[in-house]
Amino acid sequence: MKKTLAPLSAALSIALGSLILSGAALAQSFPSKPIMLMVPYPAGGQSDVIARLVNTALAKQLGQPVIVDNLGGAGGAIAAQKVLSAPADGYYIFQGSPNELILTPLANAAVKFKTEDFRAVQMVALAPIAITARKDLPASNADELVALAAKSAAEGKPLNFASVGNGTFYHLLGEQLARRANTTMQHIPYKGGANVLQDLLGGQIDIFLTPYGAPHVAMDKQGKIKFIATLSPTRDTLLPHVPSVDEGKALKGFNYDIWTGYFVRKDTPEPVVQALQKALAETLQDPAVRAALEAQGQVVPKAQSLAEAAKAYSDGATTYRAIAKSINLQPQ
């Protein structure tokens, strides 16, 4: 028996050593070609802005170009599936949020991937959310909006609200707002935030619950759109003139924000994931990157370990699934 086990033990040791060496070699050689950063919405929206503020600095850390690829549709599922269909080698990174990774699989019956098919590498930004509206909507705070929504529905002309797709976080927030107002509103889904803004500017959309940044602030100052309220407990320094929902009664406690993170296929080799995590951590320490993201209204978190990123992702799945359940979200 000993004579049989000895060669086996030696073979296992050799195999293990080979794996360790190949892993080390992989970490040293990655990346050896350009990396694709998949953004699940068309160019021009807030997600696209974040990607283009990060990709150049990330490319510097990795020593290879990081190419932003905008691919909207199906609530972000088309871009997510493209990442899952590519080899698990780290050359396709998904810039995602709870919208695409957690809620879309719950809302779209055609989506076959699961939240757990992705692995979090790093959370890069936390975005506050506000209720924006067409410039001539006759409401200036949350209480006035709730009263207007109830009046409009009673007259058979319910207010409409936009989202970036059925089952996305902004869809759920709109449905929850209608429930808090004890009324009905019409949901209008789009492929991306840039498309929504076009119709908001044109007056076709009544309200849009969305993360906001410098472009929204500029449009507000120019009188092209208006802010009704932020979903933060207190006023935001970026929008000191806009009341918080907590300043009124109708939507008090209606406080939400949303994270953006970078993800890879769950079966991506560990050395590659570690290399990406290190590069992203360094990117987030870049003062220029942080300043640019903060100028867009984003809160930049401290760099996370892989374990911390995994926990944030898991906690997010629990939170957002509970929200979906609360409005009885059904796959369509």
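The values are calculated or read from the model by the stated rules, or taken from the named source; none is laboratory data. These figures come from a predicted structure and were not determined experimentally. With ideal geometry, Cβ positions are generated from the backbone for all residues, glycine too; neighbour counts draw on all protein chains shown. For the accessible areas, the whole protein counts, side chains as well, though only heavy atoms, and no ligand, DNA or RNA atoms are used. Shrake-Rupley method; radii C 1.70, N 1.55, O 1.52, S 1.80 Å.
Charged neighbours of ARG134, selected by a Cβ distance under 11 Å, balance to 0 (K, R count +1; D, E count -1). Only the Cβ atoms of Lys and Arg (+1) and of Asp and Glu (-1) were treated as charged; on that basis the dipole of the chain about its Cα centre amounts to roughly 540 debye. Counting DSSP beta bridges with both partners in the chain, what percentage is antiparallel, nearest 5? Expressed as a percentage, antiparallel bridges in the chain total about 60. Close amide H pairs (under 5 Å, H built 1.01 Å from N) link ILE228 with ILE131, THR132, ALA133, residues at least 5 positions away or on another chain. State the label only: which of [x] 80, 49, 35; [y] 88, 42, 30; [z] 55, 48, 45 corresponds to Cα extents along the principal axes in Å computed from the shown model? Only one listed value fits the structure, namely [y]. Pull up the DSSP beta bridges for segment 129-258 and report the antiparallel fraction as a percent, rounded to 5. Counting DSSP beta bridges with both partners in segment 129-258, the antiparallel share is about 60 percent. In this calculation the C-beta distance from ASP199 to ASP286 is compared with R0 = 35 Å, giving a FRET efficiency of 0.50.
Mind running the shape call on segment 31-139? Use the C-alpha gyration tensor, a ≥ b ≥ c as the square roots of the eigenvalues: rounded below 1.5 for a/c, prolate if a/b tops b/c, oblate otherwise. Oblate. Backbone N atoms of segment 206-234 closer than 16 Å to the 7 Å Cα→Cβ label point of LYS157 belong to residues 206-207.
Counted by Cβ distance under 11 Å from LEU84, the other residues give a net charge of +3, where Lys and Arg count +1 and Asp and Glu count -1.
Given labels modelled 7 Å from the Cα in the Cβ direction, how far is it in nm from ALA147 to ALA218? Roughly 3.5 nm, to one decimal. Taking all protein chains in place and a 1.4 Å probe, what share, in percent, of the accessible surface of the chain do carbon and sulfur account for? The computed percentage sits at 57.
Go through ALA127, GLN274, ILE258 and say which Cα lies farthest out towards the positive end of the charge dipole of the chain; charges sit on Cβ, +1 for Lys and Arg, -1 for Asp and Glu. Ranked along the dipole, the leading option is GLN274. In this Cβ point-charge picture (+1 for Lys and Arg, -1 for Asp and Glu), segment 20-121 has a dipole of about 100 debye about its Cα centre. How far is helix 270-284 tilted off the main Cα axis of the chain, in degrees rounded to 10, range 0 to 90? The answer is roughly 40 degrees. The trypsin sites (Lys or Arg not before Pro) of segment 228-293 that meet both conditions, a loop assignment by DSSP and at most 11 other Cβ atoms within 10 Å of the site Cβ, are LYS249. Give the shape of segment 241-332 as rounded, prolate or oblate, defined through the alpha-carbon gyration tensor: a ≥ b ≥ c are the square roots of its eigenvalues, a/c under 1.5 means rounded, and otherwise the shape is prolate if a/b is larger than b/c and oblate if not. In terms of gyration-tensor shape, oblate.
Per residue, the accessible area of the chain comes to 44 Å² when a 1.4 Å probe rolls over the protein heavy atoms.
Straight-distance candidates among the lysines for linking to LYS224, with alpha-carbon spacing under 26 Å and chain neighbours fewer than 8 residues away dropped: LYS135, LYS151, LYS157, LYS191. Taking Cα atoms only, the orientation of helix 142-154 departs from the longest principal axis of the chain by about 70 degrees.
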